[in-house]
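*Asks:* Sending over a structure as structure tokens; questions will come in a sec.
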Amino acid sequence: MDKIVIAGGQRLCGEVAISGAKNAALPILASSLLTEGWNTYRNIPSLMDIKTIGKLLANLGVEIEEGETFRVNASNIRKCEAPYDLVKTMRASILVLGPLVARMGKARVSLPGGCAIGARPVNLHIKALKELGAEVDLKDGYIEARARRLKGATIFFDISTVTGTENILMAACLADGTTILKNAAKEPEVVNLAQVLGAMGARISGAGTDVIRIDGVERLRPVEAEVIPDRIEAGTFMIATAMTGGDVRITGCLPQHLDALIAKLQEAGSEITPIGGGVRVAGGSKIRSVDIKTLPYPGFPTDLQAQMMAMMTIGGGLSVITETVFENRFMHTSELMRMGADIRIRGSRAIVKGIPVLRGARVMATDLRASASLILAGLVAEGRTELSRVYHIDRGYQEIEKKFSALGADIRREKA
Ligand code: UD1
């Protein structure tokens, strides 16, 4: 298994270009199931999770051509099943459920199992699909859904769910009548999906607010569409720059998607300046400790919590980090503690007491964002850090070690 080896202590300087958003690309690729003919997508990142959804779509009979653009044709769907082997490697595979039922009238999708960051059920996806008139059974670990044609309905999500909103948004586009989604997720990735669906001919209003209205249509047409920049990748580079006291221009990103992070980095002593097509981050000479509470968008993203915790381990005081989106999303703390960090967990709170310097160590990635936090810790630690189970990071970051290395970090991948 590959590992990433870092010799800490370099300031990051220069310019880094951000890739397309994984979490927007996944539902957009799934939405191709709603159309017949070739869809063309730009800015799809080159990542393991994209390969996984590609495999899943190919398994359904979808044709895929990967080149400068990503072309997808779902004219001939042979199967309506997402098998366990694929779903277990990527929970977002659940995103084919809504489109398959809407277009094909049936779907069989493996239930995602538990995962490192909590139970993460899909009950709200299932409940909403039932409210659209689908018959849904759980059999042999699979969700089996069928409906001759879905029927518009008013759906209230108990909890704001990103992929749940996306799944039902896609399904409702081909339903008979009007669907209203209440307490819908407002994440930019939901808005990007709604734009793509709109270009396909769907009638959607309110995306980006917590009430989305969808007037169902009979069919949708293929599109040419572009994926938004990855705000979590951009945020990870911003935090890394702040931690190393560096000065980096982060290009190809949309700072308006990062307001919560920008406010926190400024509070912590960094200077953030908008530049054409991105932001410049200049880290301060000292890091002030700040408190963080994760929330659905536009609150502080849970997908940047681990990276921000890495930064707080070398803050000047005490930081309280409260995770409200996922239970059990503190797996990175024990690894950060192996590098000397002073962290206490109290339920959904982590109390981080800043120390002057972390020490390099052998650490293990437990999930995607946890691995990013350990790389960030390695960049500022004294000595050598060796991160194993690198496959987690490859799910969501395109060539992370090359991008950090181009900014002056001493980081390399060692092949097993
Ligand atoms: C998406 C993102 C993930 C991010 C998360 C929160 C993708 C592919 N993944 O995950 O990177 O960390 O949003 O911003 O976009 N819940 C239920 N029942 C459900 C669905 C969700 O109880 O049926 C709960 C979850 O356990 C969690 C909360 O709702 O506590 C939010 O989860 P959700 O927004 O659904 O996360 P994902 O869409 O899986």
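*Asks:* Of the residues that sit in segment 13-67 and are part of a loop (DSSP other than H, G, I, E, B) and over 24 Å from Ile232 (Cβ atoms), which one is most open to solvent (accessible area, probe 1.4 Å)?
*Replies:* Top of the filtered list is Glu36.
*Asks:* Here is a follow-up. What are the residues in segment 327-353 that are part of a strand (DSSP E or B) and surrounded by fewer than 21 Cβ atoms within 10 Å (Cβ to Cβ), if any?
*Replies:* Scanning segment 327-353 gives Asp342, Ile343, Arg344, Ile345, Arg346, Arg349, Ile351, Lys353.
*Asks:* Given Lys127, Lys106, Lys151, which one is modelled with pLDDT of 95 or more, within 15 Å of the ligand (Cβ to nearest atom) and charged (D, E, K, R)?
*Replies:* Being modelled with pLDDT of 95 or more, within 15 Å of the ligand (Cβ to nearest atom) and charged (D, E, K, R) holds for just one of Lys127, Lys106, Lys151, which is Lys127.
*Asks:* Right, something else. Can you tell me which residue is farthest from Ala202 (Cα to Cα) among those in segment 148-169 that are open to solvent by less than 10 Å² (accessible area, probe 1.4 Å) and part of a loop (DSSP other than H, G, I, E, B)?
*Replies:* Phe157
*Asks:* Within segment 175-205, restricting attention to residues that are within 10 Å of the ligand (Cβ to nearest atom) and either aromatic (Phe, Trp, Tyr) or part of a loop (DSSP other than H, G, I, E, B) (or both), which residue is farthest from Glu218 (Cα to Cα)?
*Replies:* Glu187
*Asks:* Among the candidates Ala145, Ala172, single out the residue that is buried (at least 21 other Cβ atoms within 10 Å of the Cβ), within 16 Å of the ligand (Cβ to nearest atom) and either of a type in the set (Gly, Ala, Ser) or assigned to a helix (DSSP H, G or I) (or both). Spell out the reasoning first.
*Replies:* On the way: Ala172 fails: within 16 Å of the ligand (Cβ to nearest atom).
Going through Ala145, Ala172 in turn, the sole match is Ala145.
*Asks:* Would you tally the residues in segment 354-392 being in a loop (DSSP other than H, G, I, E, B) and modelled with pLDDT of 95 or more?
*Replies:* 9
*Asks:* Another question about this same structure. Out of the residues in segment 362-380 that are surrounded by 24 or more Cβ atoms within 10 Å (Cβ to Cβ) and within 16 Å of the ligand (Cβ to nearest atom), which is nearest to Ile287 (Cα to Cα)?
*Replies:* Taking the candidates together, the pick is Ser373.
*Asks:* Pairs, please: C-beta under 6 Å, at least 6 apart or cross-chain, first residue over 17 Å from Gly235 (Cα atoms) and in segment 392-416, second at pLDDT 90 or above and among the basic types (Lys, Arg)?
*Replies:* Final answer for the pair search is Glu414/Lys3.
*Asks:* Still on this model: Any residue that is outside any loop (DSSP other than H, G, I, E, B) and either at pLDDT below 95 or within 16 Å of the ligand (Cβ to nearest atom) (or both) - is there at least one of those in segment 313-326? Full working, then the answer.
*Replies:* At the first step, the residues of segment 313-326 found to be outside any loop (DSSP other than H, G, I, E, B) are 318-322.
From what is left, the residues that are either at pLDDT below 95 or within 16 Å of the ligand (Cβ to nearest atom) (or both) are 321-322.
The answer is yes, given that some residue of segment 313-326 is outside any loop (DSSP other than H, G, I, E, B) and either at pLDDT below 95 or within 16 Å of the ligand (Cβ to nearest atom) (or both).
The values are calculated or read from the model by the stated rules, or taken from the named source; none is laboratory data. Not measured: the values here are computed from a predicted model. Cβ: placed from backbone, ideal geometry, glycine included. Neighbour counts: every protein chain shown. Accessible surface areas use protein heavy atoms only, side chains included; no ligands, DNA or RNA. Shrake-Rupley method; radii C 1.70, N 1.55, O 1.52, S 1.80 Å.
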